[in-house]
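Trainee: Have a look at this one.
Where a number appears in this text, it was derived from the coordinates with a stated rule and is not lab data. Computed from a predicted structure; not experimentally measured. Neighbour counts run over all protein chains shown; Cβ positions are idealised from the backbone, glycine included.
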Amino acid sequence: MAGVCKTLITATLGVALLAACAPKAARPGADGKLPEGVTPLSYALALTIDPRVEHFSGEARIHVSFNKATKSFWIHGRDIAVKTITVTPASGEAITATYREDGKGFAEITLERTAPAGAADVNIAYDAPFAGGAAGLYRADSGGDKYAITQFESIDARRAFPGFDEPRFKTPFDISIVARAGDTAISNTGEEKAEPAGAGLVRHTYRTTLPLPTYLIAFAVGPYEVVDGPVLAPNAIRKHPVPLRGVAAKGKGQQTRFALANTAKIIEYFETYFDTAYPYDKLDFIAAPEFSAGAMENAGAIVYAETAILMEPGGPVSQQRGIITTHAHEIAHQWFGDLVTPAWWDDIWLNEAFATWMSYKAATAVYPDGGYGRETQLEALAAMDDDSLSSARRIREPIRVEADIEDAFDSITYDKGGGVLAMAESYLGEDAFREGVRRHMRRFPFGVATSKDFFDSLGQGSKHPEIVQALESFTDRNHVPLVDVRVTCDANTPPQARIAQTTFEPIGVSLENRTWNIPVCVNAYGLTGGPARSCAILSEPTGTMLLNGACPAFVAPNAGGSGYYRFSLDERGWTALVAAFRRLSPGEQIATLDSLHASFSAGRVASTLLLRGIESAAGAADLDVRRKAADVATELAWIPETDAA
């Protein structure tokens, strides 16, 4: 039939038969993806928002491209009450259309007549309720006042405006908001103009955004207080100024001062690290009176829970530490997530893991006394407990149904992901790893990228292509490697470490044995002095690593504590390592105690050896090591005396 239609259209009837021959639109998939065939090119959103009433209204003009003659197509929309809808091809008159939601976040648009392939404008006027709960465009209360705020990640922009609500679709947005006179109105970019829009109303028009996905769009309307911070002057990397502002509910604006005072240093740290300018024309950070997440990295308009960003002058150190890391995490996203965006939610781990890992690096630079140096390691070790369960998911888990999207925001994504990145940096070296990241920024600015794209950038930029398969093995496989290390010395050859890998199994858990490409780094210690470091990628069940230096007195099989693996030794190796515990770096001390505890829990070492390790760790100079000792000792307290021997 398709062949007959093509012949008739070409030979005789032309456009008149388009409607008869255009195929019915394919339905969206269970994973939440829209069918191929229609691509958004830009949005113009004109919203009227008053948080004191139950509904808001909007007009959305979506400039799209049809890749073929189209009679119907799907977009995203939830609880959108459409008043009028037309589709206007670039070369024709407006076509009346209908809009029908399916109750699952999708809407089918059906045209009265077929639109030809090519560019068109989809014009939709609508009303919508403020969303219930803290998702979509919703309302919050503070001090008797009403505030409107957004939380669109992951799939709730469709509650505020109809569109293509997937991260792969990055386009410019032109946004205007009509609000009550006296209300603050904020979006992603700086305000271009404010003009009267009727009795007691003001229309706020914002500069066109750089290409963004829908989940990074933001609106805030209400009696917010705005505190002006410094304007970042142009520098050698960035040619444009960046004004900073803190935004909070009435009476709370001054509590943004601590974050404001530290924002410039964080931005400048990331600009230097990425060798890429802060991309956007301003940065507002908005304390939402009610917020479901800790914070959200909307481009140029980050939203925070009040507890994550507000602080009275002279607040406690613990609160200062939390604000710095959360703020650094969200600002890191302005590059990793906003400037370069994952193509789909199965790669959201890279966004979150990278921002988590980078937040501690930035926090250490900005607040060196904050004690952030081992946070990535400690969080990765905690994630290993979840990762050792039979139910553990992979870092990069396929999205089969929409519910899988929310499941991706967990400790495996944030903490295991951060640990894997730290392992890659340790293996490659800080400079080589950073060059790979910079290459990634240069390859995909204002675009989308996959995990494979990032791994390739690291391999190319660092000049270590072997890191690609190593990272793939850790993101595509669940569970924790157990690396067994046995050192042999011979007078005629350099010292060697015989290494074997299996899957770590706690007692009572049976897991499939896997083989990873593990970047293993070993520190070999002599009787005195510092260690000799050796690294190799173990890609087979067993292998041999030549060790630098002379025959060691003992080895630390996880040099610096940066590897995402647990290790085991023979009795002689464990005894020598524990006896020399205080010569290890703090990261190695933590990794050693963790692996020793894991070996004990799996029935591989005696309690006497673990107790000696705890005793050594309890007397360590580093606070994180002492805390680790306390945690392990607390767990041992639950073991009956008859089971502890």
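Trainee: Is the shape of the range 481-643 rounded, prolate or oblate, going by the alpha carbon gyration tensor and its root eigenvalues a ≥ b ≥ c, with a/c under 1.5 for rounded and a/b larger than b/c for prolate?
Mentor: Values: a/c = 1.87, a/b = 1.25, b/c = 1.50.
Judged from the Cα gyration tensor, the range 481-643 comes out oblate (a/c at least 1.5, b/c at or above a/b).
Trainee: Using alpha carbons only, how many angstrom separate the centre of the range 194-270 from the centre of the range 290-319?
Mentor: The range 194-270 and the range 290-319 have Cα centres separated by 14 Å.
Trainee: Using only Cα atoms, find the angle between the long axis of helix 375-387 and the longest principal axis of the chain, and express it within 0 to 90 degrees, rounded to the nearest 10.
Mentor: The angle comes out at about 90 degrees.
Trainee: Moving on to the next point. Using the alpha-carbon atoms, what tilt in degrees (0 to 90, nearest 10) does helix 466-475 show relative to the longest principal axis of the chain?
Mentor: That works out to roughly 80 degrees.
Trainee: In the structure shown, do any of LYS33/LYS170; LYS33/LYS452; LYS361/LYS452; LYS239/LYS282; LYS193/LYS282; LYS104/LYS146 have a Cα-Cα gap over 18 Å, and if so which?
Mentor: Over 18 Å Cα-Cα: LYS33/LYS452; LYS361/LYS452; LYS104/LYS146.
Trainee: For the residue pair HIS240 and ALA26, what label-to-label distance in nm results when each label sits 7 Å from Cα along the Cα-to-beta-carbon direction?
Mentor: 3.7
Trainee: On a full-extension model of 0.36 nm per residue, what is the gain between ALA633 and ALA618, subtracting their alpha-carbon distance, rounded to one decimal in nm?
Mentor: 4.4 nm
Trainee: Kindly work out what percent of the DSSP beta bridges joining two residues of the range 190-289 are antiparallel, to the nearest 5. Please list the in-between numbers first.
Mentor: Working: 11 of 15 bridges.
DSSP beta bridges in the range 190-289 are roughly 75 percent antiparallel.
Trainee: Defining a contact as two alpha carbons under 8 Å apart and six or more residues distant in sequence, what relative contact order in percent does the range 343-475 show?
Mentor: On the way: 151 pairs, mean separation 38.1, N = 133.
Relative contact order of the range 343-475: 29 percent.
Trainee: Shifting gears a bit: Starting with the highest mean, order 270-281, 602-613 by the number of other Cβ atoms within 10 Å, averaged over the residues of each peptide.
Mentor: 270-281, 602-613
Trainee: Sticking with this structure for a sec: If you take the charge dipole of the chain about its Cα centre, with +1 on Lys and Arg Cβ and -1 on Asp and Glu Cβ, which of VAL64, ALA179, PRO495 is farthest toward its positive end?
Mentor: The one lying farthest along the dipole's positive direction is VAL64.
Trainee: Turning to a different aspect of this structure: Under a Cβ-Cβ cut-off of 13 Å, what is the net charge of the residues other than THR542 that fall near it, where Lys and Arg count +1 and Asp and Glu count -1?
Mentor: 0
Trainee: May I ask you to derive the FRET efficiency for HIS55 and ARG257 from their Cβ-Cβ distance with R0 = 51 Å, giving the value to the nearest 0.05?
Mentor: FRET efficiency, HIS55 to ARG257: 0.90.
Trainee: Give the residue from PRO557, PHE600, ASN523 lying farthest towards the positive end of the charge dipole for the range 511-639; charges sit on Cβ (+1 for Lys and Arg, -1 for Asp and Glu) and the dipole is referred to the Cα centre.
Mentor: Farthest towards the positive pole: ASN523.
Trainee: Also: Using a cut-off of 11 Å between beta-carbons, work out the net charge of the residues near ALA633 (Lys and Arg +1, Asp and Glu -1, ALA633 not included).
Mentor: Once all neighbours under 11 Å are counted, the net charge is 0.
Trainee: Estimate the FRET efficiency between SER510 and ASP385 by the formula 1/(1 + (r/R0)^6), using the beta-carbon distance for r and 25 Å for R0, to the nearest 0.05.
Mentor: For SER510 and ASP385, the calculated efficiency is 0.90.
Trainee: What FRET efficiency would be calculated for the residue pair ALA94, LYS452, taking the C-beta separation as r and a Förster radius of 41 Å, to the nearest 0.05?
Mentor: Once the sixth-power term is evaluated, E becomes 0.45.
Trainee: Excluding same-chain residues fewer than 8 positions from LYS628, which lysines have a Cα within less than 20 Å of its Cα?
Mentor: Output for LYS628: LYS416.
Trainee: Please state the relative contact order of the chain as a whole percent: Cα pairs under 8 Å, 6+ residues apart? Show your work: numbers first, answer last.
Mentor: Numbers: 1418 pairs, mean separation 50.1, N = 645.
So the answer I get is 8 percent.
Trainee: Follow-up. Treating only the Cβ of Lys, Arg, Asp and Glu as charged (+1, +1, -1, -1), what charge dipole size does the chain show about its Cα centre? Round to the nearest 20 debye.
Mentor: 1200
Trainee: Sticking with this one: Say each of ARG498 and CYS535 gets a label point 7 Å from the Cα, pointing the same way as Cα to Cβ; how far apart are those two points in nm?
Mentor: 2.7
Trainee: Let me ask another. For the range 481-643, with only Lys/Arg (+1) and Asp/Glu (-1) charged at the beta-carbon, what is the dipole magnitude about the Cα centre, in debye rounded to 20?
Mentor: With Lys and Arg at +1 and Asp and Glu at -1, about 420 debye.
Trainee: Something else now. How large is the dipole of the range 486-555 about the Cα centre if only Lys and Arg carry +1 and Asp and Glu carry -1, each at its Cβ, rounded to the nearest 20 debye? Write out the running numbers ahead of the final one.
Mentor: Values: 4 positive and 4 negative charges, 31 e Å.
Magnitude of the dipole: close to 140 debye.
Trainee: What share of the DSSP beta bridges in the range 228-338 is antiparallel, in percent to the nearest 5?
Mentor: Percentage antiparallel, nearest 5: 35.
Trainee: State, to one decimal in nm, how far the label point of LYS265 lies from the label point of GLU195, with both points 7 Å from Cα in the Cβ direction.
Mentor: 4.4
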